[in-house]
Amino acid sequence: MNAPAAVSKPKPRPRPQVMRLTEAAASRIEELTKRADSEIVGLRVGIKNGGCAGQSYTVEYAHDVRPTDEVVEDKGVKILVDPKAVLFLLGTEMDYKTDKMSAQFVFNNPNQVGACGCGESVQLTPAKVDG
């Protein structure tokens, strides 16, 4: 008599990486990490309400990893994504741009549907996630 076939559980789908970094962004994060006044584990990225378009990106030093942070390690550096921002940042590329008048992190975000004229705030919609 044959033994019953083992029932295999479906493997969970791997979670997509929330954000990715350009070489310029990773290099700048590494530089900021080295010259911070106190020890940091990386940068924390989030979204806050405000500005003429409704929302703006936030970037700050992260001194610890919170249990709810989405940890993204890319190109040797770490960014921590605020859990409330994950659906707004899904698929985003974080870059660092310098020109004659400014230097800043730039977010190339497929979920951005608008921005104000001055570039300080954006309008975002949550990413549509299958399943």
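The values are calculated or read from the model by the stated rules, or taken from the named source; none is laboratory data. Everything quoted here is computed from the prediction, not taken from an experiment. Quick reminder, even Gly has a Cβ in these numbers, built from the backbone with ideal geometry, and neighbours come from all protein chains shown.
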(request) Kindly indicate which of Arg13, Arg66 is modelled with pLDDT under 95, within 25 Å of Lys128 (Cα to Cα), among the basic types (Lys, Arg) and not in a strand (DSSP E or B). (result) Arg13
(request) Exactly one condition in (1) at pLDDT 90 or above; (2) more than 21 Å from Ala127 (Cβ to Cβ); (3) not basic (Lys, Arg) is not met by Glu93; state its number. (result) (2)
(request) Might you let me know whether segment 25-43 holds any residue that is aliphatic (A, V, I, L, M), under 13 Å from the mean Cα position of the chain (by Cα) and in a strand (DSSP E or B)? (result) yes
(message) Which pairs turn up if I take residues in segment 23-49 that are over 14 Å from His63 (Cα atoms) and look for partners that are surrounded by fewer than 19 Cβ atoms within 10 Å (Cβ to Cβ) and β-branched (Val, Ile, Thr) with beta carbon separation below 6 Å, at least 6 apart in sequence or on another chain?
(response) Gly46/Thr58; Lys48/Thr58
(request) Working only within segment 21-55, note down all residues that are of a type in the set (Gly, Ala, Ser) and buried (at least 18 other Cβ atoms within 10 Å of the Cβ). (result) Ala25, Ala26, Gly42, Gly46, Ala53
(request) Write out, first by first residue and then by second, each pair whose Cβ atoms fall under 6 Å of each other, whose residues are 6+ apart or on separate chains, and whose first residue, in segment 75-98, is closer than 17 Å to Pro110 by Cα while the second is of a type in the set (A, V, I, L, M) and part of a loop (DSSP other than H, G, I, E, B). (result) Val81/Val18; Val86/Val18; Leu87/Ala127; Leu89/Val18; Leu90/Val18; Leu90/Ala127
(message) Criterion first (over 12 Å from the mean Cα position of the chain (by Cα) and not basic (Lys, Arg)) does Thr58 satisfy it?
(response) no
